[in-house]
Amino acid sequence: MTAQLVVFYLLGAITVLSSLGVVLTRNVVHAAFMLLVALLAVAGIFLVAVAEFLALAQILIYGGAVTVVVLFAIMLTRTDDQPRADHSQRPLAALAAIGVFALLVVAFVASDVANLESATGVATDAETGFENLALGLFTDWAIPFEMASLVLLVALIGAIMLARNVEDGE
Amino acid sequence: MLELVHFQILSAALFSIGIFGVLARRSAVLVLISIEIMLNAVNVNLVGIAAFSDRAADVRVFGQILVVFIITIAAAEIGLALAIVLRVFRNRGSANVDELNVMKW
């Protein structure tokens, strides 16, 4: 058992347990904070897979921005009476989730993608570092990259327009 | 020895947890949080395949580039969706998905 594997199991356990906490807790604010833990653990998983830039982006975007926005939304949509947090269809949802999990695991194990590519192990730092990512983003993927920034801009302007108080505006 | 299948099973577990959250939760904000978990499952899968692929380094990095786009779209999605949830809450006094049946035929 290599150190890499130990770290992966540790981070994976944190991710899965805190994600389960997100969907099982009755307290909405606790759910948001457990989402933060899960997303930071996913950043750690990215580091194990030698994706440093993505780990940093994950911490900045999810750890910083998304969690804060979600917390604001929770505070603003809060009602006095604390209603039950779950549908009556919860047992069916559990059944669907377990079914999807079983199907995915069987498919992953049976398809054996790793052997198709005759993979030899995690790429080293030099092979998928910042340099290759930057080269790819600004040569082959330059136009989709700019489109993505445009989409983000339009979406955020739309979000401001939607959330604005019309009575105050005009 | 860390293998690709570890990443894939972690990804499958996260995705199923997200599906459970989307189907079982009543609050629209919690449904959106569960969708974020599902998007992260996809990212874990893509990063794992990018790390274990045997292609040249400038091809295997495409997996990570796709994750960059997914993170961008996810950020746009959560911002826009939470704005819609806020507007719905102001108009109807509730952000529970089972009470929003105006467009139900």
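Annotation: average projected area of segment A:16-82 is 4.5 square nanometres, based on the convex hull of Cα atoms across all directions.
In segment B:1-78, which GluC sites (Glu not before Pro) are in a loop and have at most 10 other Cβ atoms within 10 Å, using DSSP for the loop call?
On the way: sites: B:Glu3, B:Glu36, B:Glu77; in loops: B:Glu3.
Filter output for segment B:1-78: empty list.
Of the trypsin sites (Lys or Arg not before Pro) found in segment B:17-105, those that fall in a DSSP loop while having at most 16 other beta-carbon atoms within 10 Å are B:Arg55, B:Lys104. When only Cα pairs below 8 angstrom with a gap of at least 6 residues are kept, segment A:1-96 shows a relative contact order of 25 percent. Under the rule a/c < 1.5 gives rounded, and otherwise a/b versus b/c splits prolate from oblate, where does segment B:6-89 land using the Cα gyration tensor? Oblate, since a/c reaches 1.5 and b/c is not below a/b.
Across the alpha-carbon set of the protein assembly as shown, the Rg to Rh ratio works out to 1.00, Rh being the Kirkwood radius. Among the trypsin sites (Lys or Arg not before Pro) found in segment A:22-96, those both in a DSSP coil and sparsely packed, with 13 or fewer other Cβ atoms within 10 Å of their Cβ, are A:Arg26, A:Arg84. Against the compact-protein benchmark of 2.2 N^0.38 Å, the Cα-based radius of gyration of segment B:50-105 scales to 1.91. Exposure proxy for A:Phe8, B:Phe69, B:Phe7: other Cβ atoms within 10 Å of each Cβ, ordered fewest to most, give B:Phe69, A:Phe8, B:Phe7. Amide H contacts for B:Arg25 (H built 1.01 Å from N in the peptide plane; partners 5 or more residues away or on another chain; cut-off under 5 Å): A:His87. Helix content alone sets the calculated 222 nm mean residue ellipticity of chain B: runs of n ≥ 4 DSSP H residues at -39500 (n - 2.57) each, divided across all residues, give -26500 deg cm²/dmol. The fraction of all Cα pairs in segment A:3-46 landing in successive 5 Å bins from 0 to the largest distance is 6, 28, 28, 18, 11, 6, 2, 0, given as whole percents. Projected label points at A:Leu153 and A:Thr25, each 7 Å from Cα along the beta carbon direction, are separated by 3.7 nanometres.
Taken together, the values in this text are just the output of simple stated rules run on the coordinates, not laboratory data. Since we're looking at a predicted model, the values are computed, not measured. So basically every Cβ, Gly included, is an ideal-geometry build from the backbone, and we count neighbours across all protein chains shown.
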